[in-house]
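Asker: Okay, here's the structure, questions in a sec.
The values are calculated or read from the model by the stated rules, or taken from the named source; none is laboratory data. What you see is a predicted model; the values in this text were computed from it and never measured. Cβ atoms come from the backbone with ideal geometry, glycine included; neighbour counts cover every protein chain shown. Ligands, DNA and RNA are stripped out before the accessible areas are found, and what is left, the full protein with its side chains, is counted by its heavy atoms. Shrake-Rupley method; radii C 1.70, N 1.55, O 1.52, S 1.80 Å.
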Amino acid sequence: MKDSFFALLEDWGASLRFFLRTLSTLFLGGGRAWRFRIPLVLDQIRRTGVMSVPIVLLVAGLTGMILVLQTAYQLARFGQVELVASLVGVSVTRELGPLMTAIIVAGRVGAAFTAELGTMNVNREILAAETMAVDPVDFLVVPRFLALGITLPCLTTLANIAAILFAMIAGYGMYDIPYDTFLRVARQWIQTKDILHGIVKSFFFGLLITHVSCYTAFSLKGGASSVGIATMKAVVAGIVGILATDVIFTAVLG
Amino acid sequence: MNGMKERSGPEEPVLEVRGLRKSFQGKEVLAGIDLEVRGGERLVIMGPSGCGKTTLLSCLIGALKPDAGKVMLFGEDFHALDRKERDRLRLKFGVMFQGGALFSSLTVGENVALPLERHSDLPKETIDILVKLKLNQVGLGKAVDLLPAEISGGMIKRAALARAMALDPRILFCDEPSAGLDPVTVTGIDRLLVDQARTHGTALVVVTHEMTSAFRIADRMIMLYDGRVVAEGAPDSIRRSRDPIVAQFIEGRIEGPIGFSETAEDFAESLLEGTDR
């Protein structure tokens, strides 16, 4: 028990050191470093962002519809069915949009990061980079860090739009709420700070997912089976980390 | 040690190892290694599985930090340097890993180009020409656009050699360059290594337990056993050695001081080697 506790502390310490190394590599790399980074970042944006769009839109759209079907039914009893637009709008932009998108990305992209980098670790590719004086953090982690920091807020914005759009369709189809009424009510209730709150949160979720998945891959020891275990751990830790960060954000920013 | 030391060539040592020790979970894997390699020399480190070869190589290339002792590369204590200084020295040596360790997401050409792009100001056109030259040297001129997954094991080793030689290093470390390859490919890779040393004056440090390959490459050999150097000398003197460990290893006999069976504990320890980077 005592040993496990100290092992956990040691692991957190190593994780913090890895995070600080990523930040220092990111900010202390000169202009030459950016020449190599930009193509790698663009490639990661394509792989992590563009290719995640369909699944994010699908899940967000379905969630928006479910929200309408669940809440409009009860609001209709009070003759306030159009208020469903405010409920969907605020809950999606503040909480559900960023949270749902981050969880999808943790499962899809975070898992891919850990599996890919973990395999590279097992095959000694990370060591090979080091022996060529190519910093593996700069080469492999920083581009992913930047890419997900950029793409997650973008994906969250798309998820928000998709959820509201599909909610609008469901509201019209099931409860005859006109599109213009839905949009008017939603606009009345959604504040700019709700949207910004969600976007800022999603940026930190992006950094968190990248850090957890890359650290897990870099620190894994053993063979191919360790990659599977590490991937599972990274996804679980990523999702728990997202929820914990969300609690902190909600408590601090209200 | 059986006193078969031989030194040749006027070159200064490019690698000196003094009193190198490394333990894993209380078990001493390297028990005080001393060795020296001069420019253009071809040193083969051989020994049975679990004798500490891979651990030694890991310490030499900076993948493992030794518990005691020094690794002097080009006169500088490698493990006492900070990351930036170590990287400066890393430009002077290349490593050919056992499995190749090519970046799987990059083509063969991009793998070879990577160190050139990162550590030189050459224009892309010049780098492309150099990549083709390096790949032609190892007979892979037509594989420049292929991914590592699309080429054979022997081609991967040759591509790894081309990448390791991209910056014309002064020392080339090779971990089991002939492991898992057919005899013709092994001969080809051995010849490439020897040619590299002869034409460019590159010092070779080759870890292997394949005796045919070892005798073909080496102009000096050391034998590790139980974490110690038990024999050192020119290939002919090693071949004639009466040391029971050396003789048993070269002849591949089961009977002798080198145990044939390995306990589960030994196996677990051998797995732990090279994992505390």
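Asker: Where does the Debye-calculated log10 I(q)/I(0) of chain B sit at q = 0.10, 0.16, 0.17 Å⁻¹, using only Cα point scatterers of equal weight, no solvent?
Answerer: -0.52, -1.33, -1.47
Asker: So what does A:I55 come to for accessible area, using a 1.4 Å probe and Å² rounded to 10?
Answerer: About 70 Å², ignoring ligands and nucleic acids.
Asker: Residue by residue through A:116-126, how many Cβ atoms from other chains fall within 10 Å of the Cβ on average?
Answerer: Going residue by residue through A:116-126 and averaging, the value is 4.
Asker: Which order do A:T216, A:T114 take when ranked by solvent-accessible area (1.4 Å probe, heavy atoms of all protein chains), largest first?
Answerer: A:T216, A:T114
Asker: Can you give the angle from 0 to 90° between the axis of helix B:183-200 and the longest principal axis of chain B, with both taken from C-alpha atoms, to the nearest 10?
Answerer: Long axis of B:183-200 versus the principal axis of chain B: about 80 degrees.
Asker: Sticking with this one: For the full complex of protein chains and a 1.4 angstrom probe, list B:K70, A:K193 by accessible area with the highest value first. Mind showing how you got there, number by number?
Answerer: Working: B:K70 105, A:K193 130 Å².
Largest accessible area first, the residues go A:K193, B:K70.
Asker: A further question on this structure: Relative contact order for the stretch A:111-254: what is it in percent, counting Cα pairs under 8 Å that are at least 6 residues apart? Write down the numbers at each step before the final one.
Answerer: Details: 115 pairs, mean separation 60.0, N = 144.
It rounds to 42 percent for the stretch A:111-254.
Asker: Run through every distinct alpha carbon pair of the stretch A:54-120 and return the Kirkwood hydrodynamic radius in angstroms, one decimal place.
Answerer: So the Kirkwood estimate lands at 13.6 Å.
Asker: Translational diffusion coefficient, Stokes-Einstein: compute it for the stretch B:54-144 using the Kirkwood radius over C-alpha pairs as Rh, at 37 °C and 0.692 mPa s, and state it as an integer in µm² s⁻¹. Show your work: numbers first, answer last.
Answerer: On the way: Rh = 15.2 Å.
Answer, rounded: 217 µm²/s.
Asker: Hydropathy first: keep DSSP H helices in chain A averaging at least -1.0 on Kyte-Doolittle, then drop any whose Cα extent along the axis falls short of 27 Å, and list what survives.
Answerer: A:2-28, A:53-77, A:142-175, A:192-219, A:224-253
Asker: Between B:L204, B:L81, B:L224, find the one with the highest GNM mean-square fluctuation for chain B; connect C-alpha pairs within less than 10 Å.
Answerer: Highest fluctuation among the options: B:L81.
Asker: How many partner chain Cβ atoms sit within 10 Å of a residue's Cβ in peptide B:53-66, on average, as a whole number?
Answerer: Per residue, the average neighbour count from other chains is 1.
Asker: Which residue, B:L147, B:L122, B:L64, has the most motion in a Gaussian network model of chain B that connects Cα atoms within less than 10 Å?
Answerer: Per the Cα network of chain B with a 10 Å cutoff, B:L122 tops the list.
Asker: From the protein chains alone at 1.4 Å, what is the descending order of accessible area for A:V236, A:V81, largest first?
Answerer: A:V236, A:V81
Asker: Oh, and also: Is the C-alpha gyration tensor of the stretch A:6-60 telling us rounded, prolate or oblate? Criteria: a/c under 1.5 is rounded; beyond that, a/b larger than b/c is prolate, otherwise oblate.
Answerer: Verdict is oblate for the stretch A:6-60.
Asker: How large is the translational diffusion coefficient of the stretch B:109-249 in µm² per second when you combine the Kirkwood radius over alpha carbon pairs with Stokes-Einstein at 37 °C and 0.692 mPa s?
Answerer: 199 µm²/s
Asker: Still on this structure, I have one more. Tell me the volume per residue, in Å³, of the convex hull enclosing the alpha carbons of chain A.
Answerer: 157 Å³
Asker: Report relative contact order for the stretch A:2-253 in percent, whole number only (criteria: Cα-Cα under 8 Å, sequence separation at least 6).
Answerer: 32 percent
Asker: Additional query: Determine how large the accessible area of B:F93 is when every protein chain is in place; take a 1.4 Å probe and give Å² rounded to the nearest 10.
Answerer: In the full protein context, B:F93 sits at about 10 Å².
Asker: How big is the Kirkwood radius of the protein assembly as shown, worked out from every pair of different alpha carbons and given in Å to one decimal?
Answerer: Numbers: mean 1/r = 0.0381 Å⁻¹.
It works out to 26.3 Å.
Asker: Suppose only helical runs count, i.e. DSSP H with n ≥ 4. What mean residue ellipticity at 222 nm does that imply for the protein assembly as shown under -39500 (n - 2.57) per run, divided by all residues and rounded to the nearest 500 deg cm²/dmol?
Answerer: -19000 deg cm²/dmol
Asker: For a quick check, take a GNM of chain B with Cα springs below 10 Å and name the residue from B:G233, B:G39, B:G26 with the largest mean-square fluctuation.
Answerer: Comparing B:G233, B:G39, B:G26 in a Gaussian network model of chain B, the most mobile one is B:G26.
Asker: Taking each residue of B:160-168 in turn, how many C-beta atoms of other protein chains fall within 10 Å of its C-beta, and what is the average?
Answerer: On the way: counts 1, 0, 0, 2, 3, 0, 1, 2, 0.
The mean count of partner-chain Cβ atoms within 10 Å per residue comes to 1.
Asker: Quick one: give the max-minus-min coordinate of the C-alpha atoms of the stretch B:1-119 along each principal axis, largest first, in Å.
Answerer: 46, 41, 29 Å, listed from the longest principal axis down.
Asker: Find the centroid of the Cα atoms in the stretch A:164-223 and in the stretch A:23-101, then give the distance between the two in whole Å.
Answerer: 3 Å
Asker: What is the stretch A:119-254 by shape, rounded, prolate or oblate, if you read a ≥ b ≥ c off the alpha carbon gyration tensor as root eigenvalues and call it rounded for a/c under 1.5, prolate for a/b larger than b/c, and oblate otherwise?
Answerer: Taking the square roots of the gyration eigenvalues as a ≥ b ≥ c, the stretch A:119-254 is prolate.
Asker: A further question follows. In the structure displayed, which of B:K53/B:K134; B:K134/B:K157; B:K22/B:K65; B:K53/B:K92; B:K27/B:K53; B:K84/B:K132 lie more than 19 Å apart, Cα to Cα?
Answerer: Violating the 19 Å Cα-Cα cut-off are B:K53/B:K134; B:K53/B:K92; B:K84/B:K132.
Asker: I'd like the accessible area for A:W34, computed on protein heavy atoms only with a 1.4 Å probe and all protein chains in place. Round to 10 Å², please.
Answerer: 90 Å²
Asker: Say a paramagnetic label sat at a point 7 Å from the Cα of A:R108, along Cα to Cβ; which residues of the stretch A:185-202 have their backbone N under 19 Å from it?
Answerer: Answer for this model: A:199, A:202.
Asker: Any chance you could count the Lys pairs in the stretch A:2-253 whose alpha carbons are under 23 Å apart, treating pairs 8 or more apart or on different chains as valid?
Answerer: Counting lysine pairs in the stretch A:2-253 gives 5.
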